[in-house]
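The values are calculated or read from the model by the stated rules, or taken from the named source; none is laboratory data. Please read all numbers here as calculations on a predicted model, not as lab measurements. Neighbour counts are summed over all protein chains in view; Cβ atoms, including those assigned to glycine, are modelled from backbone coordinates with ideal geometry. Side chains are part of the model used for accessible areas, which takes the heavy atoms of the whole protein and leaves out ligands, DNA and RNA. Shrake-Rupley method; radii C 1.70, N 1.55, O 1.52, S 1.80 Å.
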Amino acid sequence: MSDATGKISIACTVNGKRVTLRAFPMERLLDVLRSNLHLTGTKEGCGEGECGACSILMNGELVNSCLVPALHADGASITTIEGLSLGDALHVVQRAFLECGGAQCGICTPGMVLAAVNLLERAPSPTEAQIREGLSGILCRCTGYMRIFESVLQACRASGIHK
Amino acid sequence: MTGFVGKSIPRKEGREKVTGRAKYVDDLTFPGMIRGTTVRSSIARGRITAIRFEPEIPWSEFTIVTARDIPGKNCIALILDDQPCLCDGRINHPEEPVLLLAHPDPYLLEQARRAVRVEAEPLPTVFTIEDSLARKQVIWGEDNIFKSFLVQRGDVDAAWKVSDFVVEGEYLTGAQEQLYIEPNGMIAVANPNDGVTVWGSMQCPFYVHKALAALFNLPKEKVRVVQTETGGGFGGKEEYPSMLAAHAALLAWKSGKPVKMIYDRAEDMAATTKRHPSRTRHRTAVTRDGKLLALDIDFTLDGGAYETLSPVVLSRGTIHAAGPYFCPNVRVRARAVATNAPPHGAFRGFGAPQSIFALERHMDRVARAVGLSPAEFRRRNFIQQDQTSAVGQVIRERVDMARLMDRALELSGFEAKSCRFAAENPGNHLKRGMGLAAFMHGAGFTGSGEEYLASVAGVEATSDGVIRVLSASTEIGQGTNTIFAQIAADALGIPYDLVEIAQPDTSQVPNSGPTVASRTCMVVGKLVESAALGLKQTLLGSGLLREPYTGLEFANACKQYVAARGALKSTVQFQPPPGIHWNDQTYQGDAYAAYAWAVYVAEVTVDTVTFETRVDDFVAVQEVGKVVNPVLATGQIEGGIAQAIGYALFENVVWREGRMVNSQMTNYIMPTSADLPRIRIFFEEHPYPYGPMGAKGIGELPIDGPAPAIVNAIEQATGVSITKIPVTPEVLMETLEAVHV
Amino acid sequence: MRSNVPAFKLRRLPDLAATLDCMALEPAVWRPFAGGTDLMVLLEAGKLDHRNYLSLWHLPELRGIEESADHIRIGALTTYSQILAHKALQREFPLLCRAAAETGGVATQNRGTLGGNIANASPAADSPPALLVYDAELELVSASGVRWTPYRTFHSAYKIMDLRPTELIRSIRLPRTKLNWRQHYRKVGTRRAQAISKVCFAAAANLSDHKVRDIRIALGSVAPVVLRCTKTEDLVRGQSISPELIRSARGALAGEIAPIDDFRSTARYRARVAQNLLEAFLQGLDGRT
């Protein structure tokens, strides 16, 4: 039910924590995350679902948060880049990005890292072609993508070692 | 623990970036902060007759700023102060800023922006280089010409008669949008008592500082500019941020509140700078054994509505126009002209991608006329050490273009593949081809530019024993923070982790010049190295430290020194290397202190069903002095090549009446990961004595060569000569069909 | 954000029946909102003219892929990712899976829905040509009942479709009749991924004795609506592939399509490439590639 301003109550889980907040139903989930929850790791690059800088995981699926209305976040389980590392311990994909130069200016990095994490969950041992396609929804202007592919392959290798 | 330079040390701020903790300007909020927006002209040229505010908006809640609110000079100070901060009666390009609004509610702010009507009497416009040169309308100055250069060497006109072949060609390049994934943004706090402070996405804090001081008529100490983590620049945040900072600061000044202005993608694409479109005409005299006798080059850039940086872009394009070749007779006539488009500006390469595209396409054409292969023709004309370039620079550094080319040819399988494709292409709807380009890129500011900048950089020790590098050079993804820390750590003989980079804040760091022109490592990195060595000498001289020492001993010595003397700081000012002479009048002399040299090879497939071109393999061989950080350097080259592939094949700005109409990422096409090939990078190193550990600049080099290499490959694949980029499938189709009619 | 977000309503009603009742009570006041991958882009650009939406995302009645002996029925809110993951669709309706794989990137595929794509009625949409080739039928539901309509006649003009303001697309039904047909799909976009199509070609042919017994040819981005090219089909049906037939077919196709110049591409390019894709398909049928 919306209140006099038109805002509704949204209850969801964000990075493992139960959260209740008020937002306009058509408000972008991107803005809810950044402004209401002060989780600024998720970025706006285009507002049209092209660049993927706003990518998050919603119910385990990669989505462009600039295209998700707040209403659809109700009841959802959301993971942003902030939810990936545990304290100071980096996720294996984050570590690989550091080692292999997968981040340059860093603005696409949160979306790219989450996309890579999601890709590896669906395809633990992807070929380079699968990586290219799996990450094709995140645009990077700095790297030419080569260092990013290296990072993903490195993350695969590192995951294998630690299993 | 030692020897960080030359190793792939992880990015200094990498952890923040991979965890999402790095703070870009839109991630910051200030108490009481309100939002700002810009009302812009919808026509390309005119006289403003009225500004109407529709009644449905509660205007009394808004801060409204016009040109009349500007305390100082209504201009964005750069070189010539011809670009107004806000229109004052006259409009000269679409999207020109007329008025600023601020309000706490971003939704209402946007409604208000739409509710301001700028009424104007249109004036006749000019949108092409041809119309501008023909002075269909004089829209700028006396003759629409921002700047012209004439470079002459030998006697070009005498050469036509004695040559065996004369080959002509005209080459066109389109505008290109920098498309940093983080749009432009600024936050300002300003009032007459305290002055102006801005935080934001930028490459050149001191450019912004200079512009704000003039706009507000404030002394230097009352203006402070702080660079926040910047999500890409590529030149697009060299000069434009001064405009946005001015706008945010004016709103802050008038409202008394912090003001945040963040462009959305559509505004950023339509209103801010792009790469200068160009037209280059070549006329070349050559002997029957393929020796260049004369290069006569007419190089023209479309500068948009105001001068801004066009003279400097023209300069670099002019000096690179004759490429890495020796030719006894050269004439380059260069002009930057005005049109009624938003001013074009800095974009990686800065004039060189334009003139090198023309040259390297043309060299293939000349080779064909003489009956030589593209490689062999170039081999006979590469400039050698101790020969003189077109602008009269004796190339003193070691250069071996033939060797670079041989390596590139071998690594790419050029010869064998060319033969195989020639045999397999007939009857196949997929046509394959190889193409190459040879080029160089001068590092640092042209001629006396570095001397004029007189950059200063420094290092200091904190009371915690940590070393801070002090410079205005910004990290924009290229690796500034990391390489400076590597350089300083090596110079001081301490661990990399003991070196921090001070945030570029004009109140805290010296002016080490702009982060442009491939100068950050070679010029400023050298200053950092020298400053670090100076600090080390001071410590050793003080008796608090003796060699050999550990990192801990060094840190303790710093702490003691600072405790005893209050501060430990070493700054160094740029001194030109010995023997560098440049004449601004004749445009002759040592144009650049050092060059990086390269040969790139592209392998393409042209699909004659859809006319799409795919780059299948790309080999890049370059000589760069010293590779300071292999992963970062490789990343720079790969990224530049990716942007150049976009420049060659995908990135098309669609103009209508001076306005970019495809100003969305859906319709302005940059390559995705699925569009790019494996890019194979190879470095050679001939240390440059005046660069840190021998390093030269590499930031722009990789965007200069791929476009002509690709279009040369398309010609080999299809037999069709294309002289204009981007080569979209539509263009390729028209060209192929014209040939087969 | 160029829209006044607070002014927009997006409601989630308890079930499909309540949603349909609301739409019946106030026809054309409430419009459906599926995954949002089209509407939210318009919202950001300040181009979403309508203000009141009913969310369909949570309605289980609109999801699910059901197999029966003669049909596969796809719920309207099925996402592209779900289509891609479905074994029977991969096996029997590969063109639809190809289209799904080429629709944006992974993130778009997780939120874009087949029903939403159809109702958005863009002539450049990726799935509709495949649906036309497969003789898809749409199940349209309202508070007053259900009707089925062939997808082939659903779009009559640019953004005009056979969908009443009180109706929703509930499912898309594909007859399982093309398993042994030779099938081809090619989207020619502005780039390899994340691209709006400039020409989108889908075709299927049933061959026997070197003759084309039956054929379907559908194209996107070459007319105000996605097109079944029936005149071209009629020309080819019953014939053997030959250079003359291919030439005639190219000519017939040129007559059926009406591509335009826009800032993405040109009419001439679209026409030529459409013809080239048809030729490549027909040549492929002949065993010559």
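Side notes on the structure shown:
- Average accessible surface area per residue within chain C, 1.4 Å rolling probe, Å²: 39
- Largest to smallest accessible area among B:Ile669, B:Ile681 [probe 1.4 Å]: B:Ile681, B:Ile669
- The C-A contact accounts for roughly 2400 square angstrom of buried accessible surface, both chains included, probe 1.4 angstrom.
- Computed from the Cβ-Cβ distance with R0 of 22 Å, the FRET efficiency linking C:Asp262 to B:Ser721 stands at 0.20.
- Of all DSSP-defined beta bridges confined to chain B, some 75% are antiparallel rather than parallel.
- Estimated FRET transfer efficiency when R0 is 41 angstrom, pair A:Arg18-B:Asp497 (beta carbons, to 0.05): 0.60
- Summing both sides, the accessible surface hidden between B and C at a 1.4 Å probe radius is close to 2700 Å².
- Positive-end residue of B:Asn556, C:Ala85, A:Thr109, charge dipole of the protein assembly as shown with Cβ unit charges: C:Ala85
- Whole-angstrom gap from segment B:671-741 to segment B:535-581, using each part's C-alpha centre: 45
- Beta bridges per DSSP with both ends in the protein assembly as shown, % antiparallel, nearest 5: 80
- With 19 Å as the limit on Cα-Cα distance, the pairs of A:Lys17/B:Lys17; B:Lys23/B:Lys260; B:Lys220/B:Lys526; B:Lys7/B:Lys696; A:Lys17/A:Lys43 that go past it are A:Lys17/B:Lys17; B:Lys220/B:Lys526; A:Lys17/A:Lys43.
- Computed 3J(HN,Hα) for segment B:182-189, one whole-Hz value per residue from the Karplus formula 6.51 cos²θ - 1.76 cosθ + 1.60 where θ = phi - 60°, is 8, x, 4, x, 8, 10, 10, 10, glycine and proline marked x.
- Look at the alpha carbon pairs under 8 Å that are at least 6 residues apart: their mean separation over the length of segment B:212-353 gives a relative contact order of 26 percent.
- Listed values for segment A:143-149 are Karplus-derived 3J(HN,Hα) couplings in whole Hz (6.51 cos²θ - 1.76 cosθ + 1.60, θ = phi - 60°), namely 8, x, 6, 4, 5, 5, 4, and x replaces Gly and Pro.
- B:Asp400, B:Asp505, A:Asp88, ranked by accessible area, largest first (probe 1.4 Å): A:Asp88, B:Asp400, B:Asp505
- When only alpha carbons are used to place a centre, segment B:127-187 and segment C:55-125 end up 51 Å from one another.
- Taking every residue in B:674-686 and counting other chain Cβ atoms within 10 Å of its Cβ, the average works out to 3.
- Sorting C:41-48, B:163-170 by their mean Cβ neighbour count within 10 Å, with the most densely packed peptide first, gives C:41-48, B:163-170.
- Mean separation of Cα pairs under 8 Å and 6 or more residues apart, divided by the residue count, gives segment A:8-83 a relative contact order of 41 percent.
- In segment B:1-33, the residues whose accessible area drops by at least 20 square angstrom when the other protein chains are added to the isolated chain are B:Pro10, B:Arg11, B:Arg15, B:Lys17, B:Val18, B:Thr19, B:Gly20, B:Arg21, B:Tyr24, B:Asp26, B:Asp27; the probe is 1.4 Å and only protein heavy atoms count.
- With all protein chains in place and a 1.4 Å probe, the accessible surface of the protein assembly as shown carries 50 percent carbon and sulfur.
- Per-residue ellipticity at 222 nm from helix content only, as computed over chain C with -39500 (n - 2.57) for each DSSP H run of at least four residues, stands at -9500 deg cm²/dmol.
- Estimated distance in nm for a label pair at B:Glu424 and B:Thr29, the labels positioned 7 Å out from Cα along Cα-to-Cβ: 5.8
- Distance from segment B:409-487 to segment B:45-91 (C-alpha centre basis), Å: 40
- Point-charge dipole on Cβ atoms (K/R +1, D/E -1) for segment C:229-289, about Cα centre, debye to 20: 140
- Probe 1.4 Å, all protein chains present, accessible-area order of B:Glu267, B:Glu500, C:Glu279, largest first: B:Glu500, C:Glu279, B:Glu267
- Where segment A:92-162 is the region considered: accessible area per residue in Å², 1.4 Å probe: 30
- Gained length - B:Arg396 relative to B:Lys161, 0.36 nm times residue gap less alpha-carbon distance: 81.4 nm
- The stretch between B:Glu16 and B:Arg114 holds 31.5 nm of extra length on full extension. This uses 0.36 nm per residue minus the Cα-Cα distance.
- Packing rank of B:389-398, B:133-142, B:150-159, B:300-309, where each peptide gets the mean count of other beta carbons within 10 Å, highest leading: B:300-309, B:389-398, B:150-159, B:133-142
- Segment A:53-125: relative contact order as a whole-number percent, Cα under 8 Å and 6+ apart: 39
- Solvent-accessible area lost on pairing A with B (1.4 Å probe, both sides summed) amounts to about 3900 Å².
- Averaged over B:638-646, number of beta-carbon atoms from partner chains that fall within 10 Å: 4
- Magnitude of the charge dipole for segment C:146-289, about its Cα centre and with charges confined to Cβ atoms of Lys, Arg (+1) and Asp, Glu (-1), is about 440 debye.
- The amide H of B:Glu684, built 1.01 Å from its N in the peptide plane, has B:Gln622, B:Glu623, B:Val624 as neighbours under 5 Å, considering only residues 5 or more places off or on other chains.
- The long axis of helix A:109-122 is offset from the longest Cα principal axis of chain A by roughly 70 degrees.
- Along the axis of the charge dipole computed for chain B (Cβ charges of +1 for Lys and Arg, -1 for Asp and Glu, origin at the Cα centre), the listed residues B:Gly154, B:Gly195, B:Tyr587 are led at the positive end by B:Gly195.
- Each Lys and Arg adds +1 at its Cβ and each Asp and Glu adds -1 at its Cβ; summed about the Cα centre, segment A:8-83 shows a dipole of about 300 debye.
- Each of B:Glu657 and B:Glu451 was given a label point 7 Å from its Cα along the Cα-to-Cβ line. The distance between the two points is 5.0 nm.
- Residue-by-residue Karplus 3J(HN,Hα) for segment B:489-494, coefficients 6.51, -1.76, 1.60, Hz, glycine and proline x: 4, 5, 5, 8, x, 10
- Average partner coverage of C:35-42, which counts Cβ from other chains inside 10 Å: 6
- Residue among C:Ser142, C:Gly115, B:Tyr107 farthest towards the positive dipole end of the protein assembly as shown, charges placed on Cβ: C:Ser142
- For the protein assembly as shown: span of alpha carbons on each principal axis (Å, largest first): 91, 76, 72
- In terms of the mean number of neighbouring beta-carbon atoms within 10 Å, the peptides B:193-204, B:173-184 order highest first as B:173-184, B:193-204.
- Placing pseudo-labels 7 Å out from each Cα toward the beta carbon at C:Ala157 and A:Lys7 gives an inter-label distance of 4.5 nm.
- Helix C:243-256 vs. chain C, principal-axis angle (Cα, 0 to 90°, nearest 10): 30
- Cross-link reach is defined here as a Cα-Cα straight distance under 28 Å, omitting same-chain residues fewer than 8 places apart; for B:Lys291 the lysines meeting it are B:Lys161, B:Lys417, B:Lys724.
- Partners for C:Lys198 among lysines (Cα-Cα distance below 20 Å; same-chain residues under 8 apart left out): C:Lys159, C:Lys187
- Taking all protein chains as shown and a probe of 1.4 angstrom, B:Ser721 keeps an accessible surface of around 40 Å².
- Accessible surface of B:Glu415 - all protein chains present, 1.4 Å probe, nearest 10 Å²: 100
- Amide H contacts of A:Val68: A:Leu29, A:Leu30, each under 5 Å away and 5 or more positions distant or on a separate chain (H built 1.01 Å from N in the peptide plane; Pro and chain starts excluded).
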